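Have a look at the structure below, then the notes.
The values are calculated or read from the model by the stated rules, or taken from the named source; none is laboratory data. Quantities reported herein were computed from a predicted structural model and do not represent experimental measurements. All Cβ positions, even for glycine, are placed from backbone atoms using ideal geometry, and neighbour counts span all protein chains on display.
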Amino acid sequence: MTILSGIKIIEIEGIGPAPFCGMHLADLGADVVVIERQGLPTLGNMGDKTITKRGKRFIKLNLKDESDRDQLLKLVEQADGLIEGMRPGVMERLGIGPDICHAINPKLAYGRVTGWGQSGPLSEAAGHDINYIGLSGALWYSGQPGNPPFAPPTLLGDIAGGALYLTIGILAAILNARQTGKGDVVDAAMIDGTSHMMNLLLSLKAQGGLSYERGQSMIDGPHWFDSYECSDGKFITIGSLEPKFYALLLTTLNLTDDPLFKDQFNAKKWPLQKSRLTEIFKSESQQHWCELMEGTDVCFAPVLHPGEAALHPHIKNRQIYKTHQGNIEASAAPRFTNFAANSERANAVETSVSELLTDWIA
C-alpha cells in the first residue's frame, strides 16, 4: 500500500517537467500510464534508461488518428488526472483539450505545464529552463558579481518551478474534485513557479537584508556563505549564517582572535574576508576540510558530483541513490512514516487500453 494508491493518472508523452511529475506521482504509488507516440523514440523516451518512466505503464497511440483519440478519451473517463507539457493550443487542436475531457469526466484534474504559461505575450514562444528563470528573477543571485549568472540546468525551472508545482497542483485539484465533484485545469507555468519561489528572498528584501545589487546581500555576498576551491581542485561549501555557527567557523580555523573577522555582518569587509578564506581553503585538500568540519555546526559540505554523492556515507545510509543497470538514480522523495514509496526500480511496462480499463474500472 502506497500513499497514492488508487490515483489514476494519464501522462501525455513529452520531455522535462511533465514526465518528471508523472515519475514523482508513480514513485508515491499513483497508477500512471504514458500515452506514447507511435514511431521513433523521443528525446524524453529512450527506453529503460529513461528514469522518469520508472513505475509507469505505457500505451502507444497516434493522437492524430480519430480511433486512437477515442481510445484515449475512454481512459479519460476513468482517470483522476491528466498531465501534459505541450505548447498552449496543441491539446485543443488534437481534440483532447480540457473542455472535451471535462465533458466526458467533470471530475478530471487537467494538469498543464509550460514555461511561459497558458496566457500572456510570451505564451506561444519557445524557451527553456534558463530563459524562464532569467525572466522571473530566480537566476539573478546565482554566480559572482562581474560574472554572468548561471544555475544548474533544469533544476530550478524545469523541476522546482515546473514539475513540482504541477505535482502540487494536480494533487490539489484531485482533492478538490473528490470534495466537490468538479475538476479543474492546472496552469503550472515555470515563470509562475520560479517567481513564487522568490518569496523567501523577497521577505529578506522587505526586511532590508537583500539588495538588488549582486554580491551585496547576506546570502550572496559574505565570506561565510559561499563555495571555495581546495588545493586538489575540488570544492567545499560554507553556510555559517547564524552568529553561533560563524563563531564555530572561526574557532575551527583558528581565526577567533583575528581582528579581520570580528565584524561578521559588515559588508564592506566581506571582499577582504572572502579573499583571506579563499587562501586558507586553497591551502588544503577537500578531504582535509571534510575531516575537520563535516558533521559539525559550522554548516559545511563538500561539493560532489552525483557519482561521488552516491558513495557518501550519509547518502548511502539513507539509500538516496540506487544503481539500476549500471546507472545511478535517486530514490523516491519525500518519505512517509506509514506508507512506503515504490522503492524497487520497475521498468515501464507496455499495456493496452482494454487491459488498463479492466484495472481501472474493477
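I need the strands (runs of 3 or more DSSP E) fully contained in the stretch 140-257, keeping only those with at least 3 residues that are farther than 30 Å from residue 282 by Cβ and not assigned by TED's automatic domain parsing to the domain that holds residue 269.
So the answer is 184-189.
Could you tell me how many of the residues in the stretch 344-362 are exposed (fewer than 11 other Cβ atoms within 10 Å of the Cβ) and touching a helix residue (DSSP H, G or I) at 6+ places or on another chain (Cβ under 7 Å)?
1
Within the stretch 77-96, work out how many residues are out of contact with any Gly (no Cβ under 8 Å at 6 or more places or on another chain) and crowded, with 19+ Cβ neighbours inside 10 Å.
So the count comes out to 3.
Could you tell me which residue of the stretch 150-168 is surrounded by the fewest Cβ atoms within 10 Å (Cβ to Cβ), considering only residues that are of a type outside the set (Ser, Thr, Tyr) and in contact (Cβ under 8 Å) with a residue 60 or more places away in the chain?
This residue is 164.
Any residue at all in the stretch 123-136 that's assigned to a loop (DSSP other than H, G, I, E, B), under 21 Å from residue 27 (Cα atoms) and of a type outside the set (A, V, I, L, M)?
no
If I ask for residues that are aliphatic (A, V, I, L, M) and surrounded by fewer than 16 Cβ atoms within 10 Å (Cβ to Cβ), which ones from the stretch 204-217 would you list?
204, 206
Quick check, is residue 341 under 30 Å from residue 3 (Cβ atoms), surrounded by 12 or more Cβ atoms within 10 Å (Cβ to Cβ) and in the same structural domain as residue 56 (by TED's automatic domain parsing)?
yes
How many residues, within the stretch 308-347, are part of a loop (DSSP other than H, G, I, E, B), on the phi < 0 side of the Ramachandran plot and at pLDDT below 90?
Number of matching residues: 9.
For residue 188, are the conditions met, namely being under 18 Å from residue 20 (Cβ atoms) and in contact with a Phe, Trp or Tyr (Cβ under 6 Å, 6 or more places away or on another chain)?
Answer is yes for this residue.
Quick check, is residue 57 on the phi < 0 side of the Ramachandran plot, in contact with an Asp or Glu (Cβ under 9 Å, 6 or more places away or on another chain) and buried (at least 21 other Cβ atoms within 10 Å of the Cβ)?
No: the conditions fail for residue 57.
Out of the stretch 264-286, which residues are free of Cβ contacts under 8 Å to residues at least 40 places away in the same chain and either touching a Leu at 6+ places or on another chain (Cβ under 8 Å) or not in a loop (DSSP other than H, G, I, E, B) (or both)? Walk me through it before giving the result.
Within the stretch 264-286, the first condition is being free of Cβ contacts under 8 Å to residues at least 40 places away in the same chain, and the residues that meet it are 266, 268-269, 271-272, 275, 279-280.
Passing the criteria: 268, 269, 271, 272, 275, 279, 280.
What number of residues in the stretch 170-186 are in contact with a helix residue (DSSP H, G or I) (Cβ under 9 Å, 6 or more places away or on another chain) and crowded, with 19+ Cβ neighbours inside 10 Å?
First pass over the stretch 170-186, keeping only residues in contact with a helix residue (DSSP H, G or I) (Cβ under 9 Å, 6 or more places away or on another chain): 170-171, 182-186.
Then drop every residue that is not crowded, with 19+ Cβ neighbours inside 10 Å, which leaves 170-171, 183-184, 186.
Total satisfying the criteria: 5.
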